[in-house]
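Novice: Structure incoming, see below.
The values are calculated or read from the model by the stated rules, or taken from the named source; none is laboratory data. Computed from a predicted structure; not experimentally measured. Glycine gets a Cβ as well: all are built from the backbone with ideal geometry, and neighbour counts include every protein chain shown.
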Amino acid sequence: MVGPNGGYVAALHLRALQHACGEATRQPRSLHVRYLAAGTEGPIELVVRTVRTGRSVTVLSSSIAQNGKEVSSASAVFGAPVSEVSYCDASLPVLPAADSCTPMPRFIPINHRYDLRIVSGGPFRAAERAEVSGFMRLSEPRTPDALMLAAFWDAWMPTPLMRKIDARFGGAAPTLEASVYFHVPQPTAADDAFYFARLSSLAARDGYFEESCELFGPDGALLAQSRQLALLY
């Protein structure tokens, strides 16, 4: 509503960080972004710095500025596989067909970039909890990659809009900081496949709230998780 979408900005940072890392075996494992000021449509200056390069892990940072003012900063960890240790205790519920689900309303321009279908949550401003889940994909098909995952966590409307809250608010929820953790940085799926997202917020106070997201692939694998701190007014 004011400035570019937070997920879009995160993907811009990650694209530059990936380019600077330059090693195909070192995939993005985490991305942390702080939103310092609202950006505007137009040219940006994006600077990347290598913080550390080790035997298996590279840490980089980046900064986006407009008109001489820093509007966001980020850091990321890139890592090559180091062992065969793996587990996942997150699982999907039984899901309906995506075509049978209610489309998410499109209120602002960024909504038109996505095809979102609600599975659970709501009704708007009347539910007992601030949570929503549903299918999602880009409106224009794209080969799956980490950049897509970096944008997905901020595609849904803020979960507090689902919950009954005594103090009414206008619906603005700008992100202050966000972290994304990549479990499968390069998912394998059809370009037009649906993904499944499960989002929730446990608490809000003084106009600040946290929100978590779990993102699953079409095969049920947990691809990424995110957590953000945002304003609510």
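Novice: Would you point out the residue of segment 179-233, among those that are buried (at least 21 other Cβ atoms within 10 Å of the Cβ) and hydroxyl-bearing (Ser, Thr, Tyr), that is nearest to the chain's Cα centre (by Cα)?
Specialist: Checking each candidate, the answer is 226.
Novice: Could you check segment 147-200 and list, in sequence order, the residues that are farther than 24 Å from residue 75 by Cα and among the hydroxyl-bearing types (Ser, Thr, Tyr)?
Specialist: Those that are farther than 24 Å from residue 75 by Cα and among the hydroxyl-bearing types (Ser, Thr, Tyr): 159, 188, 195, 200.
Novice: Among the residues of segment 192-204, is there at least one that is touching a Lys or Arg at 6+ places or on another chain (Cβ under 7 Å) and of a type in the set (Phe, Trp, Tyr)?
Specialist: yes
Novice: Which ones in segment 88-146 are farther than 28 Å from residue 168 by Cα and of a type in the set (S, T, N, Q)?
Specialist: Those that are farther than 28 Å from residue 168 by Cα and of a type in the set (S, T, N, Q): 91, 100, 139, 143.
Novice: While we're here: Could you give every pair whose Cβ atoms fall below 6 Å, whose first residue belongs to segment 87-105 and is over 20 Å from residue 212 (Cα atoms), and whose second residue is assigned to a loop (DSSP other than H, G, I, E, B), counting only separations of at least 6 or pairs across chains?
Specialist: What qualifies is 98/194.
Novice: Quick check on segment 107-118. Is at least one of its residues surrounded by 17 or more Cβ atoms within 10 Å (Cβ to Cβ), of a type in the set (Lys, Arg) and under 18 Å from the mean Cα position of the chain (by Cα)?
Specialist: So far as segment 107-118 goes, yes, one or more of its residues are surrounded by 17 or more Cβ atoms within 10 Å (Cβ to Cβ), of a type in the set (Lys, Arg) and under 18 Å from the mean Cα position of the chain (by Cα).
Novice: Got a sec? Which of 220, 170, 207 is of a type outside the set (S, T, N, Q) and farther than 20 Å from residue 38 by Cα?
Specialist: Working: 170 fails: farther than 20 Å from residue 38 by Cα; 207 fails: farther than 20 Å from residue 38 by Cα.
After applying the criteria, what remains is 220.
Novice: If you scan segment 119-137, which residues turn out to be on the phi < 0 side of the Ramachandran plot, surrounded by 13 or more Cβ atoms within 10 Å (Cβ to Cβ) and charged (D, E, K, R)?
Specialist: Answer for segment 119-137, where residues must be on the phi < 0 side of the Ramachandran plot, surrounded by 13 or more Cβ atoms within 10 Å (Cβ to Cβ) and charged (D, E, K, R): 129, 131, 137.
Rundown of residues vs (1) farther than 18 Å from residue 228 by Cα; (2) out of contact with any Phe, Trp or Tyr (no Cβ under 6 Å at 6 or more places or on another chain); (3) free of Cβ contacts under 8 Å to residues at least 12 places away in the same chain, yes/no style:
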| position | (1), (2), (3) |
| --- | --- |
| 135 | yes, no, no |
| 156 | no, yes, no |
| 167 | yes, yes, yes |
| 174 | no, yes, no |
| 178 | no, yes, no |
| 188 | yes, yes, no |
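Novice: Name the residue that is nearest to residue 107 (Cα to Cα), counting only residues in segment 159-178 that are surrounded by 20 or more Cβ atoms within 10 Å (Cβ to Cβ) and among the β-branched types (Val, Ile, Thr).
Specialist: Among those residues, the one meeting the criterion is 159.
Novice: Another one. Can we say residue 60 is modelled with pLDDT of 95 or more, within 25 Å of residue 2 (Cβ to Cβ) and surrounded by 12 or more Cβ atoms within 10 Å (Cβ to Cβ)?
Specialist: Numbers: modelled with pLDDT of 95 or more: yes; within 25 Å of residue 2 (Cβ to Cβ): no; surrounded by 12 or more Cβ atoms within 10 Å (Cβ to Cβ): yes.
Spelling it out, it is not the case that residue 60 is modelled with pLDDT of 95 or more, within 25 Å of residue 2 (Cβ to Cβ) and surrounded by 12 or more Cβ atoms within 10 Å (Cβ to Cβ).
Novice: Filtering segment 58-93 down to residues that are of a type in the set (Val, Ile, Thr) and touching a strand residue (DSSP E or B) at 6+ places or on another chain (Cβ under 7 Å), which residue is nearest to residue 28 (Cα to Cα)?
Specialist: By that ranking, first place goes to 77.
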